[in-house]
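A short worksheet on the structure shown next.
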Amino acid sequence: MGDFEGKCRPSEENKQCTMTFSDFFDQYGLYLMIIGIMLGAYLASRLGHFFLGRYFRRLSEQQDDSSATTINFLKNGISFVVYFVALLAIVYAIPPLRSLALSLTAGAGILAAILAFASQAAFSNIVGGVFLVLFKPFRVNDRINIGANYEGMVEDITIRHTVIRDWENRRIIIPNSVISKETIVNSNLADRMICKFLEVPVSYDANLDQAVEILRREVMAHPDFLDMRTPEEVAAGAPAATIRAIAFGESGMVLRAYLWGEPAVAFAMSCDLRLSMKRALEAEGIEMAFPKRKLSWIQADPGPSRPLAAPGT
């Protein structure tokens with residue numbers, strides 16, 4: 001209460017101390033300014049997100065994944081710029097920090113070299129994020145493989161990193177500069193369909209033509225299988241599901257089924273068909289190939305027999 005009583009002024013009606021608006025602002029104005037800057041930055045960021053989304057909705061009534069990628073990146077960029085400006089305003093509003101910033105500015109050459117070295121990785125991530133949005137090697141909701149270690153669905157692309165949700169529902173955060181140096185396999189780029197291979201070994205003693213028809217029937221019966229035949233192939237009577245004999249295996253003929261489907265369900269479809277194909281082949285008496293070994297025993301020659309010695313000799 002010492003600061004409060006030292007700055008209050010006596011009222012004419014009573015001699016109690018009252019604080020005027022100017023006194024209150026002198027004492028708490030800095031805190032109010034900081035709160036106001038933070039609140040203004042938050043509102044500016046939210047308004048920027050709102051108008052940006054409204055602008056893109058006007059451009060296209062139905063947003064695709066490419067528009068979603070651009071919108072998310074620009075929203076993150078707006079938030080970064082707004083909050084960075086707010087941070088500079090707060091530093092300038094606090095006298096001790098302002099004097100410190102001015103003294104650091106005096107050595108601008110050294111400061112610039114330090115900042116350039118410290119922000120090299122951050123700047124490379126920002127440039128990598130801009131290139132990802134401009135050249136679009138992948139978009140939000142694309143299924144991708146990055147190098148040999150990461151696989152999943154793209155959730156977000158920020159100015160610093162990309163968020164990928166793997167098949168165990170974990171989020172993988174990868175800096176954009178790292179992604180720019182890796183080989184990317186995109187299952188959704190240019191074509192929304194993928195073709196998975198499912199290989200089934202069948203015994204050489206089995207009826208291979210019958211096995212091919214069983215596999216084709218199971219593939220065509222699956223609800224997620226897509227008929228990718230051209231009109232010319234349909235007119236020529238080509239089968240919807242392709243089954244080919246691709247190799248003479250060690251224990252049997254290897255048949256490959258070509259499974260066309262959406263990337264999100266293709267893996268589950270191949271798992272379902274492994275079970276249904278095995279059951280169908282067993283029901284029709286078709287033996288699947290499995291490793292067989294023929295073992296032969298060769299008895300060693302014991303050599304010429306010798307007569308037993310007489311007892312006592």
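In table form, for the structure just shown:
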| quantity | calculated |
| --- | --- |
| Qualifying positions in region 266-300 - out of contact with any Pro (no Cβ under 9 Å at 6 or more places or on another chain), surrounded by 14 or more Cβ atoms within 10 Å (Cβ to Cβ) and either modelled with pLDDT under 95 or more than 30 Å from R192 (Cα to Cα) (or both) | A266, F267, A280, L281, I286, E287 |
| Among the candidates A245, A257, A235, residue that is at pLDDT 95 or above, under 42 Å from the mean Cα position of the chain (by Cα) and farther than 30 Å from D166 by Cα | A245 |
| Hits in region 149-184 - residues which are free of Cβ contacts under 8 Å to residues at least 60 places away in the same chain, polar (S, T, N, Q) and not in a strand (DSSP E or B) | N149, N169, N176, S177, S180, T183 |
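Okay, residues lined up against (1) farther than 22 Å from N188 by Cα; (2) not in a helix (DSSP H, G or I):
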residue	(1), (2)
E213	yes, no
F225	no, yes
E233	yes, no
P239	yes, yes
I243	yes, yes
A247	yes, yes
E250	yes, yes
L259	no, yes
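The values are calculated or read from the model by the stated rules, or taken from the named source; none is laboratory data. Please read these numbers as outputs of a predicted model, since none were measured by experiment. Positions of Cβ are generated from backbone atoms using ideal geometry, with glycine treated the same way; all protein chains shown enter the neighbour counts.
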